[in-house]
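These notes concern the structure reproduced below.
The values are calculated or read from the model by the stated rules, or taken from the named source; none is laboratory data. Since the model is a prediction, treat every value here as computed from it, not as a measurement. Positions of Cβ are generated from backbone atoms using ideal geometry, with glycine treated the same way; all protein chains shown enter the neighbour counts. Please note that ligands, DNA and RNA were not included when accessible areas were found on the heavy atoms of the full protein model with its side chains. Shrake-Rupley method; radii C 1.70, N 1.55, O 1.52, S 1.80 Å.
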Amino acid sequence: MDTQQRFDDKVVVITGAGSGLGRSYALEFARRGAKVVVNDLGGDVTGGGKSSAAADAVVQKIKASGGEALASYDSVEDGDAIIQAALDHYGRVDVLVNNAGILRDSSFKNMSDKDWDLVYRVHLLGSYKVTKAAWPHMLEQGYGRIVNTASGAGLYGSFGQANYSAVKMALVGLTNTLAVEGAAKGIQANVIAPAAGSRLTETVFPTEVVSALKPEFITPLVVNLCSESCKESGGLFELGAGWMAKVRWQRSMGVNFDVKAGFSAEDVAESWGEICNFSEFDNPTNISESLTPLLKNVGISF
Ligand SMILES: NC(=O)c1ccc[n+]([C@@H]2O[C@H](COP(=O)([O-])OP(=O)(O)OC[C@H]3O[C@@H](n4cnc5c(N)ncnc54)[C@H](O)[C@@H]3O)[C@@H](O)[C@H]2O)c1
């Protein structure tokens, strides 16, 4: 496998590549022949400050091993500058990994507007801005691979992370639509919910867990999703500690109320068990499959 998934002549942009997961991705893509744009603002975990040191250190390490890399110190909020750097130096962008992240945890009761805004700006607005800048170039060349970074906090909820959960789940929605719009254009988008020891998680996980869950255990899946041979798009993957799995929507078969006769809140309450019964289920994979049973209930077939 090591020899198959090569990235020679591919330009890979990784945001937040100065530490943790992004750093591991950058080193591995470079090892596999990519020209890597190592983007990192170099601030602290809560979004304060900036420094060129983190990105520079990764670029130096790549170059010391004979690889090709360029440092970018812009915030992901200035996504066009990051993509422009890739275009100016390497002439194209083939792969984008939206990975930059911060945390500003607080119970919802105590969460400030600043906590909400900063987390939104780095994770969701930032991913949007960098992707929006890369998208026309991917469309034009008929090729692109995008990996966005969600979180189990978004998929399942996590006390003290309302801001983070909201934007991480929004990235699942963004990825779904990028996959739909990119399908005919050679652009594939997927999203991961990783678990790894890093400066972000050292405040949450015990030390033993932080050191056991190496960022390097996430990297092989990300490399796979970004390879030319990968056919996957619109996928959501949960992974960490060497375990990885695909996640999909599952819904109960539902209840069909008679729209002509009408139905009330009491009818809904009476059918609650059936509405929530997963002994049979389906797994819609697109908006059309999602709407089919609804429309059927009013006699429309799709
Ligand atoms: N580590 C985990 O268990 C875990 C779990 C779920 C999701 N994630 C996500 O994975 C991604 C990577 O996190 P990590 O754990 O490696 O943390 P990390 O703190 O080691 O890495 C994040 C990097 O992003 C950079 N960054 C922050 N704001 C930026 C901005 N505005 N512009 C550019 N760079 C910026 C930071 O300087 C840092 O180097 C994040 O999106 C995080 O939310 C991580």
Count of residues meeting criterion [in contact (Cβ under 8 Å) with a residue 24 or more places away in the chain and either assigned to a helix (DSSP H, G or I) or open to solvent by less than 40 Å² (accessible area, probe 1.4 Å) (or both)] in the range 154-165: 7
Hey, ALA193 among the hydrophobic types (A, V, I, L, M, F, W, C), open to solvent by less than 10 Å² (accessible area, probe 1.4 Å), modelled with pLDDT of 95 or more and not in a helix (DSSP H, G or I) or not: yes
Output for the range 253-298, where each listed residue is at positive phi and over 38 Å from the mean Cα position of the chain (by Cα): GLY262
Qualifying residue in the range 39-53 (condition: within 13 Å of the ligand (Cβ to nearest atom), assigned by TED's automatic domain parsing to the domain that holds ALA196 and under 23 Å from PRO220 (Cβ atoms)): yes
Every pair of residues 6+ apart whose Cβ atoms lie under 8 Å, when the first sits in the range 19-30 and is at positive phi and assigned by TED's automatic domain parsing to the domain that holds ILE146 while the second is within 13 Å of the ligand (Cβ to nearest atom) and of a type in the set (A, V, I, L, M): GLY20/ALA196; GLY20/LEU200
Tally of residues being open to solvent by 20 Å² or more (accessible area, probe 1.4 Å) and away from the ligand (no atom under 16 Å from the Cβ) across the range 68-105: 7
Where TRP116 falls short, out of the listed (1) hydrophobic (A, V, I, L, M, F, W, C); (2) assigned to a helix (DSSP H, G or I); (3) within 15 Å of the ligand (Cβ to nearest atom): (3)
Residue ranges of strands (runs of 3 or more DSSP E) in the range 1-86 with at least 1 members acidic (Asp, Glu): 68-72
Sole residue being among the small types (Gly, Ala, Ser), in the same structural domain as ASP94 (by TED's automatic domain parsing), part of a helix (DSSP H, G or I) and under 18 Å from the mean Cα position of the chain (by Cα), chosen from SER211, SER127: SER127
Filter result (open to solvent by less than 40 Å² (accessible area, probe 1.4 Å) and either among the aliphatic types (A, V, I, L, M) or not in a helix (DSSP H, G or I) (or both)) within the range 214-237: ILE218, LEU221, VAL222, VAL223, LEU225, CYS226, SER227, CYS230, GLY234, GLY235, LEU236, PHE237
Filter result for LYS168 (modelled with pLDDT of 95 or more, under 30 Å from PHE108 (Cα atoms), within 14 Å of the chain's Cα centre (by Cα) and open to solvent by 70 Å² or more (accessible area, probe 1.4 Å)): no
Failed item in (1) buried (at least 24 other Cβ atoms within 10 Å of the Cβ); (2) at positive phi, with ASP9 passing the rest: (1)
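Filter the range 145-179 for residues that are away from the ligand (no atom under 13 Å from the Cβ) and basic (Lys, Arg) and give the result.
Within the range 145-179, ARG145 is the sole residue that qualifies.
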